[in-house]
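The values are calculated or read from the model by the stated rules, or taken from the named source; none is laboratory data. Model, not experiment: these values are computed from the prediction. Neighbour counts run over all protein chains shown; Cβ positions are idealised from the backbone, glycine included. These area figures cover heavy atoms from the full protein model, side chains too; ligands, DNA and RNA do not enter into them. Shrake-Rupley method; radii C 1.70, N 1.55, O 1.52, S 1.80 Å.
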Amino acid sequence: MTQDSYLALSGGVGGAKLVLGLHSRLAAGQLRVIANTGDDFEHLGLPISPDIDTLLYTLAGCANPATGWGMRDETWSFMARLEELGGPTWFRLGDRDLAMHMRRRELLRSHSLTAVTALLGQALGVQTPVLPMSDSPAPTVIHTASGTLAFQEYFVREQAAPAVTNITYPGDVVATGEVLSALSDPALRAIIITPSNPWLSIAPVLSIPAIKSSILNARAPVIGVSPLIGGRAVKGPTAKIMQELGIPQHTLAIAQHYAGLLDGLIIDSQDTDYQSAIESLGIEVRVTNTLMTKLEDKARVADAVLSLAAELGPRVQHG
């Protein structure tokens, strides 16, 4: 008998937390993850894939527990020496993390990003497939009151401080065959939109036409988890960006943003005032404590997602 499968869209620390929770609740081989690569860029001659690495490090159990990104027990000799030499230090690469990027650069000479990610995951002992949304560059561009910035310039160098006026994604990015195959898997029981930043981490994935149309036409229900708790983001600039783009900073606005895509939404117990309004959009709502600090928290949210997916079952295809 073919076992049920589940597919998560993820970017950043919040997404990786839920992925870890799902991983803890599902059998080996049941979960796959589509990773945002809109954050990817080249730095110091190295190909950096922040969201892919956050997922791999989290699933491997070697992520920095204080930050959620980077590696546990990191050292910084490389950065210290680079600073002495007058090099750019605004994007910090730890010594252990540096090895990851150097190995990726070497492998990319003869392999696709998808194949390289699989090889790096195997080396780290990660059993959950992490699938880049595309093997070609797909840079997210941030338009601000201070000018146009590449994603990492905005997010890391400028610490997400400039006011955002618009966010754009390339219009000609091609999804990988592995991603489209995962979306068309007849055993797929849920597509999960993790509590990643909807505009910075999930929108780049959904901007790829073949991915969005595959999700819209999938029979598996689409379940989201709101990234807001009481109108605030646990981590990152989600609420700040919403304010700057003129979007109300509450969970209803998240549901409205994903309306037509979501069948169900997990919201925090602080946001129940919006439940009926969200359900009026045709989105089934379940309430839990969505703050994910410990593994049991991540597993609790994963349980809510999986339970709602089971209740909803196969859906009528969206047009």
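Of H43, H111, H250, the residue with the largest accessible area leads and the full order is H111, H250, H43 (1.4 Å probe).
Applying D = kT/(6 pi eta Rh) to the chain, where Rh is the Kirkwood radius over alpha-carbon pairs, T corresponds to 4 °C and eta to 1.567 mPa s, the Stokes-Einstein value obtained is 65 µm²/s.
Short-range pairs are left out: with C-alpha atoms under 8 Å and at least six residues apart, the relative contact order of region 211-319 is 34 percent.
3J(HN,Hα) couplings calculated from phi for region 150-160 with the Karplus curve 6.51 cos²θ - 1.76 cosθ + 1.60 (θ = phi - 60°) are, in sequence order, 5, 3, 5, 4, 5, 6, 9, 4, 9, 6, 6 Hz; Gly and Pro show x. Bridging of K212 to aspartates and glutamates at a Cα separation below 16 Å is possible for D172, E178, D185, D263, once same-chain residues fewer than 8 apart are set aside. Taking the 1.4 Å solvent-accessible surface of region 168-302 as the whole, the part contributed by carbon and sulfur is 49%.
In the full protein context, the chain carries 43 Å² of accessible surface per residue, based on a 1.4 Å probe and ignoring ligands, DNA and RNA. Converting the Cα gyration tensor eigenvalues of region 1-135 into ellipsoid dimensions via √(5λ) gives semi-axes, longest first, of 28, 16, 12 Å. Can you give the calculated 222 nm mean residue ellipticity of the chain, where each DSSP H run of n ≥ 4 adds -39,500 (n - 2.57) and the sum is split over every residue, rounded to the nearest 500 deg cm²/dmol? Rounded to the nearest 500, it is -10500 deg cm²/dmol.
The orientation-averaged projection of the convex hull spanning the C-alpha atoms of region 269-319 amounts to 4.4 square nanometres.
When the surface is traced with a 1.4 Å probe over the full set of protein chains, R105 keeps roughly 80 Å² accessible. Within a straight-line Cα-Cα reach of under 18 Å, K235 can be paired with the following lysines, leaving aside sequence neighbours fewer than 8 residues apart in one chain: K17, K294, K298. Share of carbon and sulfur in the accessible area of region 18-121 stands at 53%, probe radius 1.4 Å.
Count Lys and Arg as plus one, Asp and Glu as minus one, and take only other residues whose Cβ is under 10 Å from that of P129; the net charge is then 0. At the listed q of 0.15, 0.33 Å⁻¹, the Debye profile of region 142-188, built from one uniform point per Cα, gives log10 I(q)/I(0) equal to -0.57, -1.15. Two decimals is fine: what's Rg over Rh for region 209-301, C-alpha atoms, Kirkwood radius as Rh? On the Cα set of region 209-301, Rg over Rh gives 0.98. When its C-alpha radius of gyration is set against 2.2 N^0.38 Å (N residues), region 15-61 gives a value of 1.31. For L9, neighbours were defined as the other residues whose beta-carbon sits under 13 Å from its Cβ, and their charges (Lys and Arg +1, Asp and Glu -1) total +1.
Just to confirm the number: angle between the C-alpha axis of helix 12-25 and the first principal axis of the chain, 0 to 90 degrees, nearest 10? For helix 12-25, the angle is close to 60 degrees. Computed about the Cα centre, the dipole magnitude for the chain is approximately 320 debye when only Lys and Arg (+1) and Asp and Glu (-1) carry charge, each at its Cβ.
Can you pull the Kirkwood radius for region 171-260, inverse mean 1/r over Cα pairs, to one decimal in Å? By the Kirkwood definition, the hydrodynamic radius is 14.2 Å.
When both bridge partners sit in region 78-235, DSSP labels roughly 75% of those beta bridges antiparallel. Only beta bridges with both residues in the chain are counted; by DSSP, about 35 percent of them are antiparallel.
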